[in-house]
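This report concerns only the one structure given below.
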Amino acid sequence: MVNERLQADAAMMMEAFTDQMAGLAKIQRDRARLTATVTACQKRISVTVNADGILIETRFADDIGDLTFAEIAAAMTEAVQGAARKVSERGRELMEPLRERKDRLPPLSALLEDMPDVRSMMPVAPKVSTAPPNSPERQYDDEGARFGDAEPFERRSMVSDLDK
């Protein structure tokens, strides 16, 4: 009886996994086709980014010369960041049905007695800064990222692990 239950659970998990992979492949294809366009300075500047937020097109209106270089630079930065946020949000929206389906599945720890809850162990990625280089927001405190009991080691060459 227990064996039949395990087989049924394993079959359910395998079917869900297969569905997840098929769904993920479709989402990846759809995401790869995403673009977002944002305009700035009364539509004098138009930028388009791809799904990764990489600038793929820039257009200037005929009267772009009415703006200073500083105005153009600031507007470009703002527009590209806005387009990147827009395409990122669309990518998250594409993933939402897959996330909802995954959340309905029981955690592996519910199926295997001694298995820890891996979901709770996943680290949360920090927010990526859009601040310019050398700004106060980019001053990071990485003290918490070091191992307190790690011993310093001498630099080794790229050729051999045995160099001293």
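The values are calculated or read from the model by the stated rules, or taken from the named source; none is laboratory data. Everything numeric here is computed off the predicted structure, so don't read it as measured data. Neighbour counts are summed over all protein chains in view; Cβ atoms, including those assigned to glycine, are modelled from backbone coordinates with ideal geometry. These area figures cover heavy atoms from the full protein model, side chains too; ligands, DNA and RNA do not enter into them. Shrake-Rupley method; radii C 1.70, N 1.55, O 1.52, S 1.80 Å.
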Note to self: Against the definition (touching a Cys at 6+ places or on another chain (Cβ under 8 Å) and at pLDDT 95 or above), how does L55 come out, yes or no?
What the structure shows: no
Item checked: Scope the stretch 91-114; condition touching a residue at least 24 places away in the same chain (Cβ under 8 Å) and among the basic types (K, R); matching residues -> R101, K102
Notebook entry, point to check: Quick one: D114 ticks every box in (1) outside any helix (DSSP H, G or I); (2) under 25 Å from T130 (Cβ atoms) bar one, so which box is it?
Noted result: (2)
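Only one of these is among the hydroxyl-bearing types (S, T, Y) and either within 30 Å of M121 (Cβ to Cβ) or exposed (fewer than 13 other Cβ atoms within 10 Å of the Cβ) (or both): T37, T77, T48, T58. Name it. Explain how you work it out, then say what you get.
On the way: T37 fails: either within 30 Å of M121 (Cβ to Cβ) or exposed (fewer than 13 other Cβ atoms within 10 Å of the Cβ) (or both); T77 fails: either within 30 Å of M121 (Cβ to Cβ) or exposed (fewer than 13 other Cβ atoms within 10 Å of the Cβ) (or both); T48 fails: either within 30 Å of M121 (Cβ to Cβ) or exposed (fewer than 13 other Cβ atoms within 10 Å of the Cβ) (or both).
The unique qualifying residue is T58.
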Next item on the list: Quickly run through the stretch 8-30 and pick out the residues that are open to solvent by 90 Å² or more (accessible area, probe 1.4 Å) and at pLDDT 90 or above.
Entry: Q28, R29
Notebook entry, point to check: When you go through (1) open to solvent by less than 80 Å² (accessible area, probe 1.4 Å); (2) in a loop (DSSP other than H, G, I, E, B) one by one for G82, which number turns out not to apply?
Noted result: (2)
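Within the bounds of the stretch 119-135, is there any residue that is open to solvent by 100 Å² or more (accessible area, probe 1.4 Å), modelled with pLDDT of 85 or more and out of contact with any Leu (no Cβ under 8 Å at 6 or more places or on another chain)?
Let us first name the residues in the stretch 119-135 that are open to solvent by 100 Å² or more (accessible area, probe 1.4 Å), namely 119, 121-124, 126-128, 133-134.
Still in the running and modelled with pLDDT of 85 or more: 133-134.
Pick out the ones that are also out of contact with any Leu (no Cβ under 8 Å at 6 or more places or on another chain) and you get 133-134.
Scanning the stretch 119-135 turns up at least one residue that is open to solvent by 100 Å² or more (accessible area, probe 1.4 Å), modelled with pLDDT of 85 or more and out of contact with any Leu (no Cβ under 8 Å at 6 or more places or on another chain).
Are any of the residues in the stretch 68-82 in contact with a Gly (Cβ under 6 Å, 6 or more places away or on another chain) and of a type outside the set (V, I, T)? So that I can check it myself, show each step before the final result.
We begin by selecting, within the stretch 68-82, every residue in contact with a Gly (Cβ under 6 Å, 6 or more places away or on another chain); these are none.
No, the stretch 68-82 contains no residue that is in contact with a Gly (Cβ under 6 Å, 6 or more places away or on another chain) and of a type outside the set (V, I, T).
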Item checked: Conditions (1) of a type in the set (K, R); (2) within 19 Å of E89 (Cβ to Cβ); (3) exposed (fewer than 14 other Cβ atoms within 10 Å of the Cβ): number failed by R5 -> (2)
Next item on the list: Please name all residue pairs, on different chains or six or more residues apart, with Cβ atoms under 8 Å, provided the first residue is in the stretch 68-86 and is under 14 Å from S46 (Cα atoms) and modelled with pLDDT of 95 or more and the second residue is in a helix (DSSP H, G or I) and not polar (S, T, N, Q).
Entry: I72/I64
